[in-house]
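The values are calculated or read from the model by the stated rules, or taken from the named source; none is laboratory data. Given the structure is predicted, the values throughout are model-derived calculations rather than measurements. Ideal geometry is used to build each Cβ from the backbone, glycine not excepted, and the neighbour counts take in all protein chains shown.
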Amino acid sequence: MVFNEVAGVLAAKNVTIARSLVGNYVTSLDMTGVSITVCRADTDMLSLWDAPVNTPALRWGV
């Protein structure tokens, strides 16, 4: 819901979303609200983002 709204606003400004992560990550008891992070990502940053990760909060590619 929030992601779709933000994606629409960014698309209207010709901003391409290269990667997105939507869900509950590192939550806290009784935590409400959302967090949105937007950054300019070059190919080096995207290759780091796509690298395998194995942490308590995130896990992929392992």
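Exactly one residue among Val62, Val6 is touching a strand residue (DSSP E or B) at 6+ places or on another chain (Cβ under 8 Å) and among the β-branched types (Val, Ile, Thr), and that residue is Val62.
Does the stretch 1-40 hold any residues that are over 25 Å from Trp60 (Cα atoms), modelled with pLDDT of 95 or more and not β-branched (Val, Ile, Thr), and which are they? Glu5, Gly8, Leu10, Ala11, Ala12, Lys13, Asn14, listed by residue number. Scanning the stretch 40-61 for residues that are part of a loop (DSSP other than H, G, I, E, B) and over 20 Å from Gly23 (Cα atoms) yields a total of 3.
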